[in-house]
1. Does Phe110 satisfy being aromatic (Phe, Trp, Tyr), part of a strand (DSSP E or B) and without any contact (Cβ under 8 Å) to a residue 60 or more places away in the chain?
2. For segment 147-157, which positions are touching a strand residue (DSSP E or B) at 6+ places or on another chain (Cβ under 9 Å) and surrounded by fewer than 19 Cβ atoms within 10 Å (Cβ to Cβ)?
3. Collect the residues in segment 59-96 that are hydrophobic (A, V, I, L, M, F, W, C) and touching a helix residue (DSSP H, G or I) at 6+ places or on another chain (Cβ under 8 Å), keeping them in residue-number order.
4. Being open to solvent by 40 Å² or more (accessible area, probe 1.4 Å) and touching a residue at least 40 places away in the same chain (Cβ under 8 Å) is the filter here; which residues of segment 67-96 pass it?
5. Exactly one of (1) open to solvent by 70 Å² or more (accessible area, probe 1.4 Å); (2) part of a strand (DSSP E or B) is unmet by Gly103. Its number?
6. Would you confirm whether or not segment 128-135 contains a residue that is touching a Gly at 6+ places or on another chain (Cβ under 8 Å), among the basic types (Lys, Arg), open to solvent by 70 Å² or more (accessible area, probe 1.4 Å) and outside any loop (DSSP other than H, G, I, E, B)?
7. Of all residues in segment 158-174, how many are open to solvent by less than 70 Å² (accessible area, probe 1.4 Å) and over 19 Å from Val125 (Cα atoms)?
Amino acid sequence: MRNYLLGWVLLIVASVSFAANNNESSAKAASSANAAIGPESAQKANSSDDEGQDSSDKSGKDESFWTFLKGTQPDNAVYLGMFTWHFNPESRAHDRWSNNLIGGVYNSIFVGTLLNSFSDRAFVVGVQRNLYTNQLSQNNQINVGYRLGLISGYDQRMSDIAKYLPVLPIPELYIDYAYKNFGAELSYIGVVFTAKFFIRF
């Protein structure tokens, strides 16, 4: 639970930081423009700008949100191995916890195959983006991001809807740490936490 809360805290910090930087840049640009055209012209310009401020603020906020959500492209990597911790005590007692993941991400597209909680072969594909990156030092980096994709290999034991669909949507939040090209990741997917290991290239 601590890792889950840390991930959300980092997401909030990243979004606040992004919004603050956006507002600061806009204020500096307006100040420079006013200084260049003189005080009287600046007053008239500011008066005109105030009329459209509401609509521009709204569109600016929308643009900031979508820009933040778009995130940045993660480094290409190969994922080897995954371990799962189920929230449900019964699942922890009976379901698989070592998932033998083999996968990778390239240009923000991730693919992989694993043994799911019921020991059935599953395949996953989707999009991966970083929302927050902190370069702690030359060799140490932390990322927070998300994956949105589709996964196969589940039936009604997972959910009732899985009886009718060959694939299920899979939203995932993650936080990872890398030392040089080697790293580990913790993620949250609905009813489980997972731990994965990766090599960047």
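The values are calculated or read from the model by the stated rules, or taken from the named source; none is laboratory data. Computed from a prediction, not measured in an experiment: that's the story for all the values here. No Cβ is skipped: glycine too gets one built from the backbone with ideal geometry, and neighbour counts run over all protein chains shown. The area values use the complete protein model at the heavy-atom level, side chains included, leaving out ligands, DNA and RNA. Shrake-Rupley method; radii C 1.70, N 1.55, O 1.52, S 1.80 Å.
1. On the way: aromatic (Phe, Trp, Tyr): yes; part of a strand (DSSP E or B): yes; without any contact (Cβ under 8 Å) to a residue 60 or more places away in the chain: yes.
Yes; evaluated as a whole, the condition is true for this residue.
2. As a first pass, look at segment 147-157 and keep what is touching a strand residue (DSSP E or B) at 6+ places or on another chain (Cβ under 9 Å): 147-154.
Scanning segment 147-157 gives Leu148, Leu150, Ser152.
3. In the first step, residues of segment 59-96 are kept if they are hydrophobic (A, V, I, L, M, F, W, C); the result is 65-66, 68-69, 77-78, 80, 82-83, 85, 87, 93.
Listed by number, the residues that qualify are Phe68, Trp85.
4. Passing the criteria: Thr67, Leu69, Lys70, Thr72, Gln73, Asp75, Val78, Leu80, Phe83, Trp85, Phe87, Asn88.
5. It fails just one condition, (1).
6. No, segment 128-135 has no match at all.
7. Here the count works out to 1.
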